[in-house]
Amino acid sequence: MDKKINLLVNLPSGFFSDSRLEKEMQRMAALANLRKTSHNTGQEIKEDLGWCDAVIMWAWPNLTDELLAGAPNLRFAGFINVTQTTARACFKKGVAVSEARRGWSPAVAELALALALNGLRRVSFYHMAMKEGSEPWVNDFPLDIDSRERQLTNRPVGIVGFGGIGQRIAQLMQPFNVKLRIYDPYIPRELAEKYGAEQTTVKDLIAQSDVVILCAANNEASRHLVGREEIAAFRKDAVLVNIGRSSLIDMNALVERLKKNDMVAMLDVFDVEPLEKDSELRKLPNAFLTPHRGGGIMESVQRILNMLVDDLEAFLEGRERKYVLTESMLTSLPD
């Protein structure tokens, strides 16, 4: 590299003030002349796009054909997440695109495993009962063992969506020797075989699994992938874990099923976020809720920024990038 490029880093302001991200910011500063912004609209970012040779940003604002027409020097774009609209515009302009959403996968997969174990072993039930002083101690062993409390080992598990998160969950499940079923129409048969998984339909997966984990891509094709019929197919005392997107499931139909109190839902995502204070989900004893914490830990943020800087370095040095976004991957992006 003969001279530093101009790098626009458009991220929420906290990225620039958090001391835990100093190393990542220093890496960028060693490569480029930095301009740090927190633009939310196309009009706000327009002028800075015209200045930069490269950009690192989240998914907003969308970079349209019109905006990129005013960015004559832009050659590289690195995204934490990206929409189909932005990706297509970048490809059309010939911009090299890297995308780091897989950096969320390790943390999201670990939460999915934690929630699955929680639902099966009824950890949250017991925690709440202990706080209230109403916990069920075993007094007549084994007659008063609750049959709803089960081990994960050897259980049938279904994963809906088998991208980076789904594959990491499958890896974490291996020591438990689960019977794994998956649904993902975009993956090759060889990938399913690698994890010893059976490919099937969503409804059959649900009907044959004690634990169902949702982590499919967030796009129009996956909206209400788990609809009313699929929700009716859940086994008695099944554990549903949703660490994907709320749009994957018909939430009204799920609430109706949960009111029967014959299954458990472990939910990290919701139709409206923050979840409304008067949401029925807050009142259901078999709905366990976390406030969209899937990937949101500092290790994820540091990992993602380093992934994008790694690819920027590789691009500038003419080396192969690790986190390239290609046109064949567009279907996995939100519309």
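Considering only residues of the stretch 165-198 that are within 19 Å of SER328 (Cα to Cα) and assigned to a loop (DSSP other than H, G, I, E, B), which is modelled with the highest pLDDT?
My answer is ASP184.
Looking for whichever is out of contact with any strand residue (DSSP E or B) (no Cβ under 9 Å at 6 or more places or on another chain), among the aliphatic types (A, V, I, L, M) and not assigned by TED's automatic domain parsing to the domain that holds ALA30 here; the options are VAL272, VAL301. Which one fits?
Working: VAL301 fails: not assigned by TED's automatic domain parsing to the domain that holds ALA30.
Within the list VAL272, VAL301, the selection yields VAL272.
LEU254 is checked against (1) within 20 Å of the chain's Cα centre (by Cα); (2) over 20 Å from LEU117 (Cα atoms); (3) buried (at least 20 other Cβ atoms within 10 Å of the Cβ) and fails just one. What number does that condition carry?
Going through the list (1) within 20 Å of the chain's Cα centre (by Cα); (2) over 20 Å from LEU117 (Cα atoms); (3) buried (at least 20 other Cβ atoms within 10 Å of the Cβ), LEU254 breaks only (1).
List the pairs whose first member sits in the stretch 255-272 and is under 12 Å from LEU240 (Cβ atoms) and in contact (Cβ under 8 Å) with a residue 60 or more places away in the chain, whose second member is of a type in the set (Val, Ile, Thr) and part of a loop (DSSP other than H, G, I, E, B), and whose Cβ atoms are under 6 Å apart, counting only residues at least 6 apart or on separate chains?
What qualifies is ASP268/ILE243; ASP268/THR290.
Please work out which one of (1) under 30 Å from ASN219 (Cα atoms); (2) free of Cβ contacts under 8 Å to residues at least 12 places away in the same chain is the condition PHE141 fails and give its number.
Unmet condition: (1).
For ASP311, all conditions in the list (1) outside any loop (DSSP other than H, G, I, E, B); (2) under 18 Å from the mean Cα position of the chain (by Cα); (3) among the charged types (D, E, K, R) hold save one; what is the number of the exception?
Status for ASP311: all satisfied but (2).
Looking at the stretch 294-327, which of its residues are surrounded by fewer than 15 Cβ atoms within 10 Å (Cβ to Cβ) and in contact (Cβ under 8 Å) with a residue 12 or more places away in the chain?
If the condition is that a residue be surrounded by fewer than 15 Cβ atoms within 10 Å (Cβ to Cβ) and in contact (Cβ under 8 Å) with a residue 12 or more places away in the chain, then GLY296, MET298, GLU299, GLU317, LYS322, VAL324, GLU327 are the ones that fit.
Sort through ALA77, ALA89, ALA107 and tell me the only one that's touching a residue at least 12 places away in the same chain (Cβ under 8 Å), in contact with a strand residue (DSSP E or B) (Cβ under 7 Å, 6 or more places away or on another chain), among the small types (Gly, Ala, Ser) and not in a loop (DSSP other than H, G, I, E, B). Break it down into steps so the answer makes sense when it comes.
Values: ALA89 fails: in contact with a strand residue (DSSP E or B) (Cβ under 7 Å, 6 or more places away or on another chain); ALA107 fails: in contact with a strand residue (DSSP E or B) (Cβ under 7 Å, 6 or more places away or on another chain).
Answer to the selection: ALA77.
Can you name the residue in the stretch 92-104 that is in contact (Cβ under 8 Å) with a residue 60 or more places away in the chain and more than 16 Å from the chain's Cα centre (by Cα) and, of all such residues, is surrounded by the fewest Cβ atoms within 10 Å (Cβ to Cβ)? Full working, then the answer.
Just the residues of the stretch 92-104 that are in contact (Cβ under 8 Å) with a residue 60 or more places away in the chain, to begin with: 96-104.
Now drop any that are not more than 16 Å from the chain's Cα centre (by Cα), which leaves 96-98.
Working: ALA96: 19, VAL97: 22, SER98: 23.
If we take residues in the stretch 92-104 being in contact (Cβ under 8 Å) with a residue 60 or more places away in the chain and more than 16 Å from the chain's Cα centre (by Cα), then ALA96 is surrounded by the fewest Cβ atoms within 10 Å (Cβ to Cβ).
Suppose we filter VAL269, VAL212 for residues that are within 21 Å of the chain's Cα centre (by Cα), of a type in the set (A, V, I, L, M, F, W, C), part of a loop (DSSP other than H, G, I, E, B) and closer than 25 Å to LEU333 by Cβ; which single one remains?
Details: VAL212 fails: part of a loop (DSSP other than H, G, I, E, B).
Step by step, each of VAL269, VAL212 is checked, and only VAL269 is within 21 Å of the chain's Cα centre (by Cα), of a type in the set (A, V, I, L, M, F, W, C), part of a loop (DSSP other than H, G, I, E, B) and closer than 25 Å to LEU333 by Cβ.
Answer with yes or no whether LEU281 is surrounded by fewer than 23 Cβ atoms within 10 Å (Cβ to Cβ), touching a strand residue (DSSP E or B) at 6+ places or on another chain (Cβ under 8 Å) and in a loop (DSSP other than H, G, I, E, B).
no
Within the stretch 277-300, identify whether any single residue is modelled with pLDDT of 95 or more and within 12 Å of ALA100 (Cα to Cα), and answer yes or no.
yes
Could you please tell me which pairs satisfy a Cβ distance under 6 Å, a separation of 6+ or placement on different chains, a first residue in the stretch 144-172 that is closer than 13 Å to TYR183 by Cα, and a second residue that is of a type in the set (S, T, N, Q) and assigned to a loop (DSSP other than H, G, I, E, B)?
Between residues of the stretch 144-172 that are closer than 13 Å to TYR183 by Cα and residues that are of a type in the set (S, T, N, Q) and assigned to a loop (DSSP other than H, G, I, E, B), the close pairs are VAL157/SER209; GLY158/SER209.
In the stretch 124-152, which residues are assigned to a helix (DSSP H, G or I) and either touching a strand residue (DSSP E or B) at 6+ places or on another chain (Cβ under 9 Å) or surrounded by 17 or more Cβ atoms within 10 Å (Cβ to Cβ) (or both)?
Residues satisfying the conditions are SER124, PHE125.
Within the stretch 1-72, considering only helices (runs of 4 or more DSSP H) that don't extend past its boundaries, which have at least 2 residues that are under 19 Å from ALA87 (Cα atoms)? Steps first, answer last, please.
Values: elements: 14-17, 22-31, 42-51, 65-69.
Those helices (runs of 4 or more DSSP H) span 42-51, 65-69.
The values are calculated or read from the model by the stated rules, or taken from the named source; none is laboratory data. Being a predicted model, the structure only gives us computed values, none of them experimental. We place every Cβ from the backbone using ideal geometry, glycine too, and count neighbours over all the protein chains shown.
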